[in-house]
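Colleague: There's a structure below that I have some questions on.
Laboratory data are not the source of any read-out in this text; all were calculated from the coordinates shown. Just so we're clear, the structure is a prediction, and the values are computed from it rather than from any experiment. So basically every Cβ, Gly included, is an ideal-geometry build from the backbone, and we count neighbours across all protein chains shown.
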Amino acid sequence: MGKGLSPVEGLLRERGAAALATRGNWEFGRLVLDPAYRAGPELLNKCVFLAVSHLASEFHCNYAFASCTPVLSRLYRRFGFSVIANDVRVPGDEKPYHLIQASIADVLESSAGTPAERQLARRLGGVAMAA
């Protein structure tokens, strides 16, 4: 991060949140699930937990950030994200976007669905924030 490769970095700078686009913080992109496998919130929790636990076990992680529609920002609140800017306009697009952020520890804790996942979330979340 911080290399100007992502359009979200510019949006963060415009909104006074450029510190999120630094080493140890990760931009979240798309989570794509085939409609045949969209079985409910449990599957989404599992996908988020697996992805973020892998990220936290392999890389230095502090915070995650993303741009998304207002509807998706409400969904991501389930995983500890909060809105840092709303009504963000992207050139060439009429609809507004939100910029959201969460600590990796909060995402892990919020997405853990079993006792074993909660234990792993505590371990990885502590490592992520201490690194």
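Colleague: Report ³J(HN,Hα) in whole Hz for each residue of region 93-99, in order, from the Karplus equation J = 6.51 cos²θ - 1.76 cosθ + 1.60 where θ = phi - 60°; Gly and Pro get x.
Modeller: Those phi angles translate into 10, 7, 7, x, 10, 10, 9 Hz.
Colleague: So, one more: Using the charge dipole of region 7-130 (Lys, Arg: +1 at Cβ; Asp, Glu: -1 at Cβ; taken about the Cα centre), state which of ALA56, ALA36, HIS98 has its Cα farthest towards the positive end.
Modeller: Final value for the positive-end residue is ALA56.
Colleague: Sequence gap at least 6, Cα distance under 8 Å: using those rules, report the relative contact order of region 13-131 to the nearest whole percent.
Modeller: 27 percent
Colleague: Which GluC sites (Glu not before Pro) does region 75-130 hold that lie in a coil by DSSP with at most 11 other beta carbons within 10 Å?
Modeller: Here the GluC sites (Glu not before Pro) that fit, given the DSSP loop and packing criteria, are GLU94.
Colleague: Report the trypsin sites (Lys or Arg not before Pro) located in region 86-130 that are in a DSSP loop and have at most 16 other Cβ atoms inside 10 Å of their Cβ, or state none.
Modeller: ARG89
Colleague: When ranked by the protection proxy of mean other Cβ atoms within 10 Å per residue, highest first, what sequence do the peptides 78-86, 26-34 form?
Modeller: Top to bottom by mean Cβ count within 10 Å: 78-86, 26-34.
Colleague: Next question. Quick one: which residues, 5 or more positions from GLU27 or on another chain, have an amide H under 5 Å from its amide H? H modelled 1.01 Å from N in the peptide plane, none for Pro or chain starts.
Modeller: PHE65
Colleague: Still on this structure: Under a point-charge model restricted to the Cβ atoms of Lys and Arg (+1) and Asp and Glu (-1), what is the dipole moment magnitude of region 8-86 relative to its Cα centre, in debye to the nearest 20?
Modeller: Rounded to the nearest 20 debye, it is 220 debye.
Colleague: Ok, one more. If r is the Cβ-Cβ distance from LEU72 to ALA116 and R0 is 30 Å, what FRET efficiency results, to the nearest 0.05?
Modeller: 0.60
Colleague: Using a cut-off of under 14 Å, list every residue of region 30-53 whose amide N is near the label point 7 Å from the Cα of VAL90 along the Cα-to-beta-carbon line.
Modeller: 30-31
Colleague: Roughly what % of DSSP beta bridges within region 7-130 run antiparallel, to the nearest 5?
Modeller: For region 7-130, the DSSP antiparallel bridge percentage is about 75.
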